[in-house]
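To start, the structure under review is shown below, and the notes come after it.
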Amino acid sequence: MNIALVFPPFYFEPMYNLPPLGLINLATVLKPTGNSVKIFDFPLDIRRKSLSMDRNIYRQCAKEILDFAPDLAGFSVQCTTLPPAVGIARELKKLAPQIRIVFGGPNVSSIDERILSRFPFLDAIVRGEGEITFPELIEAFEGRGELNSVPGVTFRASESIVRNPDRELIEDLDSLPVSDYSFVPPFSEYRDVCGIGRSIAILEVGRGCPHRCVYCSQSIMWRRRPRTFSVPRIVEEMKNLAGNFGAECFLLAFDQFTARRGFAENFCRALLDAGLSHLPWYCISRLDTVDKELLTLMRTAGCETMCYGIDSGSKKTLAFIRKEIDREILFERVRETTEAGIVPTLSFVIGFPEEQRQDLEETLRLALRSAATGNTNILVQMATILPGTELYSKYRQLLVRQVDTYFSLGIEFDAGKRLASDDLLIDSEPEIFSSFHNLPCPAASFERLNQTAIYFTVIAALYPRSFLLLGSELGMPVIDLFFNFLNRVLEKEKEISAKACLTHFEEFVHLWLTGRETITADFLPELIRYETCLFQSGGSGSDSTFAIDSAGVDSLRPRRNRKVALERFTYDIPSLILPFKSGQIPDTCAKRPVFLTFTRAPGGTKVREINEFGVDFLELCDGKNTLGDITDRLYLKYGVDKERGEFAASCAEAAGILAGMELLAQ
């Protein structure tokens with residue numbers, strides 16, 4: 001048989017596209033069967049500009065698939081790509097009625113019968129893991145087996161729909177063949193068309209999650225049974241993907257990488273033993289499954305970033321979604337993560353159907369306090385209702401369609417808008433296309449919730465400390481202050497971008513504070529300037545390294561590296577920042593002249609304090625003055641109690657220190 005494996009079209013500029021691992025795995029298990037298999041990666045084709053985003057996109061995709069003359073087309077379906085999958089499947093059946101069409105993925109596994117009933121041009125749905133089920137289904141289609149004997153399949157039989165029993169989970173994941181990436185273009189092509197800095201590979205290290213969060217469809221699909229590939233296999237696959245396919249970093253696909261500490265530790269040590277710690281990787285974790293020791297080991301082994309699902313700042317909401325986690329350890333874990341050199345992404349979800357305004361306030365406040373600890377990324381999303389989840393089961397009758405959330409964007413194929421036919425389809429079946437719908441939430445309107453999900457992360461990235469202090473100064477809830485700022489900016493700009501925040505935030509604060517009889521946080525303007533510098537500090541490093549040579553040291557002509565920002569403050573900003581790192585909001589700040597440098601570094605901005613001597617030294621480093629000239633100029637102010645030779649040695653030492661801080665260029 002000719003088998004087409006289809007990744008439906010999708011384009012969302014803020015996201016990058018990676019090779020479709022699920023389809024690669026299916027192609028890999030089919031390779032020895034003698035079937036001819038081809039993967040159609042339509043998101044990549046859009047990025048390549050070989051597939052046009054217009055009203056005919058589904059017919060274009062169908063015709064490209066038909067050029068392969070397939071006997072069967074299998075679609076990997078996710079939240080957003082369900083309408084495109086339906087659209088392409090419909091076109092395929094029109095143009096070639098004999099083709100068998102099969103859907104698979106978490107989204108369709110729980111509503112399989114409903115989908116087959118609604119769309120008569122679909123022949124079957126593979127539920128759950130497909131590596132064993134899909135080849136057996138193909139054999140049955142070929143007449144070498146009975147359809148009703150293939151576990152994990154729902155299929156159409158004449159006028160009826162048959163749902164076979166579930167298939168047991170694959171106990172030994174190592175029994176699966178290693179993913180064959182020769183079915184897709186090189187990682188470098190994905191890198192280049194997406195405009196990202198490195199070639200990224202998804203590496204599956206395990207499946208399943210033991211927790212019972214009401215919104216998660218993955219734990220349902222994997223039946224809350226975590227399984228992992230063996231550490232030696234994972235390490236060998238990393239070697240293979242890096243050495244033979246050009247992978248430069250890895251996304252470790254596993255809902256809870258650190259759920260089993262022994263596995264995480266063994267993996268890290270194996271990477272170190274194999275000499276692979278230079279390959280950066282990303283993982284998903286929970287606050288209560290890591291500590292300082294494990295985080296240090298992970299960073300040593302190459303972990304660069306990781307995601308913690310915080311979800312909510314409200315104890316009531318956490319209880320509602322069954323998120324069993326000790327919120328009190330958040331700031332300690334975030335601090336330990338950043339101190340280990342790992343950049344954490346903290347994920348928050350808003351808009352659950354039982355949330356009140358105070359619950360939303362607690363979540364946004366916690367998000368700001370988390371961002372204020374430094375070197376963290378904050379992600380805020382509206383709750384998405386996925387088939388098979390408890391949220392879906394209890395509330396699907398309340399679904400309405402008002403705003404597009406994060407998981408419903410990416411199929412705007414008609415001049416930047418969604419196809420009218422897709423909108424009609426989504427409206428006609430809320431329970432099938434639930435991820436495109438919303439649940440009413442008492443906390444705020446859909447518009448406000450959506451604005452918060454889109455724009456609050458900008459505030460959290462730029463001015464978390466200043467925003468918290470301003471709210472405390474005014475006695476105003478975070479949510480009210482946020483929407484006041486949002487409205488202010490939208491009066492003058494089209495959207496809340498980072499540039500818009502930088503342009504208008506200081507003025508916004510000034511307007512609120514003007515006319516107040518007393519201002520407790522009189523240091524707030526300097527804190528705003530500090531946070532502006534954190535964001536605006538340019539590229540790090542100098543054009544060429546400044547080196548000190550003992551021979552002819554006086555003749556060296558140091559030049560200040562203008563890529564590194566240098567700012568003077570009148571308040572003790574370093575002391576002010578310390579409480580934020582522990583989740584506290586300070587209410588006082590002592591006056592003290594402070595000079596700070598801001599250097600862009602991996603994972604954030606590096607801030608260092610230098611003394612007044614260092615500042616005066618840098619002012620004279622113009623590339624014209626020799627080190628001897630600088631020594632002479634500074635001697636009267638700083639060296640009167642020293643011999644000139646001794647002071648010259650001190651200046652040479654200072655030059656070395658400043659060069660090490662990347663403040664000098666040759």
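The values are calculated or read from the model by the stated rules, or taken from the named source; none is laboratory data. Here the structure is a predicted model, which means the values were calculated and not measured. All Cβ positions, even for glycine, are placed from backbone atoms using ideal geometry, and neighbour counts span all protein chains on display.
Could you tell me whether any residue of region 581-589 is surrounded by 16 or more Cβ atoms within 10 Å (Cβ to Cβ), at pLDDT 90 or above and touching a strand residue (DSSP E or B) at 6+ places or on another chain (Cβ under 8 Å)? Scanning region 581-589 turns up at least one residue that is surrounded by 16 or more Cβ atoms within 10 Å (Cβ to Cβ), at pLDDT 90 or above and touching a strand residue (DSSP E or B) at 6+ places or on another chain (Cβ under 8 Å).
Whether any residue in region 26-47 is among the hydroxyl-bearing types (Ser, Thr, Tyr) and part of a loop (DSSP other than H, G, I, E, B) is what I want to check. Let's see the steps before the verdict.
Step one: filter region 26-47 for residues among the hydroxyl-bearing types (Ser, Thr, Tyr), giving 28, 33, 36.
Filter once more, keeping what is part of a loop (DSSP other than H, G, I, E, B): none.
There is no residue in region 26-47 that is among the hydroxyl-bearing types (Ser, Thr, Tyr) and part of a loop (DSSP other than H, G, I, E, B).
Out of everything in region 204-233 that is part of a helix (DSSP H, G or I) and over 26 Å from Leu276 (Cβ atoms), what residue ends up being modelled with the lowest pLDDT? The qualifying residue modelled with the lowest pLDDT is Ser219.
On inspection, Arg365 passes the criterion of being under 30 Å from Lys606 (Cα atoms), modelled with pLDDT of 90 or more, in a helix (DSSP H, G or I) and not aliphatic (A, V, I, L, M). In the set (1) closer than 18 Å to Thr81 by Cβ; (2) touching a Cys at 6+ places or on another chain (Cβ under 7 Å), Leu462 fails one condition alone, (1).
Among the residues of region 604-645, write down those that are among the hydrophobic types (A, V, I, L, M, F, W, C), in contact (Cβ under 8 Å) with a residue 40 or more places away in the chain and in a loop (DSSP other than H, G, I, E, B). Step through it out loud before you land on a result.
Applying the first criterion (among the hydrophobic types (A, V, I, L, M, F, W, C)) to region 604-645 yields 607, 610, 613, 615, 617-618, 620-621, 627, 630, 634, 636, 640.
Next, from what is left, pick out any that are in contact (Cβ under 8 Å) with a residue 40 or more places away in the chain: 607, 610, 613, 615, 617-618, 621, 627, 630.
Scanning region 604-645 gives a single hit, Cys621.
Residues of region 125-140 that are touching a helix residue (DSSP H, G or I) at 6+ places or on another chain (Cβ under 6 Å), more than 20 Å from Ser179 (Cα to Cα) and surrounded by 22 or more Cβ atoms within 10 Å (Cβ to Cβ): Ile125, Arg127. Meeting the requirement of 3 or more residues that are closer than 28 Å to Ser179 by Cβ, the helices (runs of 4 or more DSSP H) wholly within region 247-325 are 261-273, 292-300. For region 254-285, filtered to residues that are over 17 Å from Glu237 (Cβ atoms) and of a type in the set (Asp, Glu), the residue that is modelled with the lowest pLDDT is Asp255. For region 146-203, name all the residues that are touching a residue at least 24 places away in the same chain (Cβ under 8 Å), buried (at least 18 other Cβ atoms within 10 Å of the Cβ) and assigned to a loop (DSSP other than H, G, I, E, B). Scanning region 146-203 gives Gly152, Arg167, Ser179, Val184, Ser199.
Yes or no, residue by residue, for (1) at pLDDT 95 or above; (2) part of a helix (DSSP H, G or I); (3) of a type in the set (Val, Ile, Thr):
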position: Gly388; (1), (2), (3): no, no, no
position: Leu391; (1), (2), (3): no, yes, no
position: Arg396; (1), (2), (3): no, yes, no
position: Asp404; (1), (2), (3): no, no, no
position: Phe407; (1), (2), (3): no, yes, no
position: Asp423; (1), (2), (3): yes, yes, no
position: Ser435; (1), (2), (3): no, yes, no
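On the given criteria, is Leu566 at negative phi, at pLDDT below 95 and part of a helix (DSSP H, G or I)? Here the answer is no, as Leu566 does not meet what is asked. Here Ile496 meets each of (1) among the aliphatic types (A, V, I, L, M); (2) under 30 Å from Arg114 (Cα atoms); (3) buried (at least 17 other Cβ atoms within 10 Å of the Cβ) with one exception, condition (2). On the stretch given as region 459-491, residues that are outside any helix (DSSP H, G or I) and in contact with a helix residue (DSSP H, G or I) (Cβ under 7 Å, 6 or more places away or on another chain) total 2.
Filtered by the rule that a residue be among the small types (Gly, Ala, Ser), out of contact with any strand residue (DSSP E or B) (no Cβ under 7 Å at 6 or more places or on another chain) and buried (at least 23 other Cβ atoms within 10 Å of the Cβ), region 327-382 gives a lone residue, Ala372. Of the residues making up region 234-246, those that are touching a residue at least 60 places away in the same chain (Cβ under 8 Å) and either buried (at least 19 other Cβ atoms within 10 Å of the Cβ) or in a helix (DSSP H, G or I) (or both) are Asn240, Leu241, Phe245. When Gly143 is tested against (1) loosely packed, with under 13 Cβ neighbours inside 10 Å; (2) farther than 25 Å from Pro32 by Cβ, exactly one condition is not met: (2). Only one entry of Asn17, Asn35 meets the criterion of being more than 26 Å from Leu419 (Cα to Cα) and modelled with pLDDT under 95, and that entry is Asn35. Residue under question is Phe456, and the condition is that it be under 26 Å from Pro43 (Cα atoms), touching a residue at least 60 places away in the same chain (Cβ under 8 Å) and not in a loop (DSSP other than H, G, I, E, B); does it hold? Judged against the criteria, Phe456 is not a match.
When Tyr58 is tested against (1) closer than 21 Å to Ile138 by Cβ; (2) part of a helix (DSSP H, G or I); (3) more than 23 Å from the chain's Cα centre (by Cα), exactly one condition is not met: (1). The set of residues in region 599-631 being among the polar types (S, T, N, Q), closer than 29 Å to Gly341 by Cα and surrounded by 17 or more Cβ atoms within 10 Å (Cβ to Cβ) consists of Thr599, Thr605. The residues of region 274-320 that are touching a Pro at 6+ places or on another chain (Cβ under 8 Å) and aromatic (Phe, Trp, Tyr) amount to a single one, Tyr308.
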